[in-house]
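The values are calculated or read from the model by the stated rules, or taken from the named source; none is laboratory data. Since the model is a prediction, treat every value here as computed from it, not as a measurement. A quick note on method: Cβ atoms are made from the backbone with ideal geometry, for glycine too, and the neighbour counts reach across all protein chains shown.
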């Protein structure tokens, strides 16, 4: 059976076609209309949509095929231990499912480096236990300009190679990149105190910028949310 899964995030729309657990193709779109043209040409039996930006009624009006929508009440292969499940970002939940699947149902930590950075833990019993949220790279850069009178808005490329800035621009850039890098290392070290064998998965738009962390059970999996959505769809059908 072929599944189409669609992830509508804050800045991009991503989709993937699966046959069982096998990823057949993956695409990224700037807007929904582009995606609709592409998806309408595909052959699939089931479709699951996760959206943090567009509402169900709007999507049902534009998608020319039957779909299921990921909600807080959709059956998933995890126990949701979040105190407020209705407020939990569905992309966070999907990524947690994907990580637990890739970790062969052992403890996993997801670090999603998108507009915000989210940390999400699944324990070895398959319980989603929540995590943390902090500002993403672009947000960190923009907020220093927005909330000060004299600090400029910077571009984040190229990635700095030093910790010593010699201009305001380079100091800001180093602060943003190194601050997040040290935050990631600190979170990973702290989680490993209680979960020494935990597998850690980096995903999101900025994940590949931190691929130097990819060692010792740390993996960069940009399409982790899509993998999780497919796992949820397969579980739901079963």
From the list 56, 12, 92, pick out the single residue that is farther than 20 Å from residue 115 by Cα, modelled with pLDDT under 95 and surrounded by 12 or more Cβ atoms within 10 Å (Cβ to Cβ).
56
Inside segment 205-231, can you point out the residues that are at pLDDT below 90 and either outside any helix (DSSP H, G or I) or touching a helix residue (DSSP H, G or I) at 6+ places or on another chain (Cβ under 6 Å) (or both)?
205, 214, 215, 216, 217
From the list 26, 58, exactly one residue is on the phi < 0 side of the Ramachandran plot and free of Cβ contacts under 8 Å to residues at least 40 places away in the same chain. Which is it?
58
Go through (1) without any contact (Cβ under 8 Å) to a residue 40 or more places away in the chain; (2) within 30 Å of residue 217 (Cβ to Cβ) one by one and return the number of the condition residue 113 breaks.
(1)
Verdict on residue 217 being closer than 30 Å to residue 25 by Cα and without any contact (Cβ under 8 Å) to a residue 40 or more places away in the chain
yes
Which members of segment 132-154 meet the condition of being closer than 14 Å to residue 184 by Cβ and in contact (Cβ under 8 Å) with a residue 24 or more places away in the chain?
132, 134, 136, 137, 140
Within segment 68-78, take every residue that is touching a residue at least 40 places away in the same chain (Cβ under 8 Å) and surrounded by 13 or more Cβ atoms within 10 Å (Cβ to Cβ) and give me the one that is farthest from residue 229 (Cα to Cα).
78
What pairs come up if the first residue lies in segment 37-55 and is over 20 Å from residue 11 (Cβ atoms), the second is loosely packed, with under 14 Cβ neighbours inside 10 Å, and their beta carbons are under 8 Å apart, counting only those six or more places apart or on different chains?
40/64; 40/65; 45/1; 46/1; 46/237; 47/65; 47/66
The listed residue being within 16 Å of residue 229 (Cβ to Cβ), in contact with a helix residue (DSSP H, G or I) (Cβ under 9 Å, 6 or more places away or on another chain) and not in a loop (DSSP other than H, G, I, E, B), out of 91, 33:
91
Given the conditions (1) under 23 Å from residue 71 (Cα atoms); (2) surrounded by fewer than 19 Cβ atoms within 10 Å (Cβ to Cβ); (3) over 20 Å from the mean Cα position of the chain (by Cα), every one holds for residue 39 apart from (2)
Tell me which residues, restricted to segment 218-238, are surrounded by fewer than 17 Cβ atoms within 10 Å (Cβ to Cβ) and either more than 22 Å from residue 22 (Cα to Cα) or out of contact with any strand residue (DSSP E or B) (no Cβ under 9 Å at 6 or more places or on another chain) (or both).
235, 238
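Name the residue that is farthest from residue 95 (Cα to Cα), counting only residues in segment 48-75 that are under 19 Å from the mean Cα position of the chain (by Cα) and outside any loop (DSSP other than H, G, I, E, B).
In the first step, residues of segment 48-75 are kept if they are under 19 Å from the mean Cα position of the chain (by Cα); the result is 48-54, 69-72, 74.
With the extra rule that they be outside any loop (DSSP other than H, G, I, E, B), the set shrinks to 48-51, 69.
Values: 48: 14, 49: 14, 50: 11, 51: 13, 69: 16 Å.
Looking at residues that are under 19 Å from the mean Cα position of the chain (by Cα) and outside any loop (DSSP other than H, G, I, E, B), I get 69.
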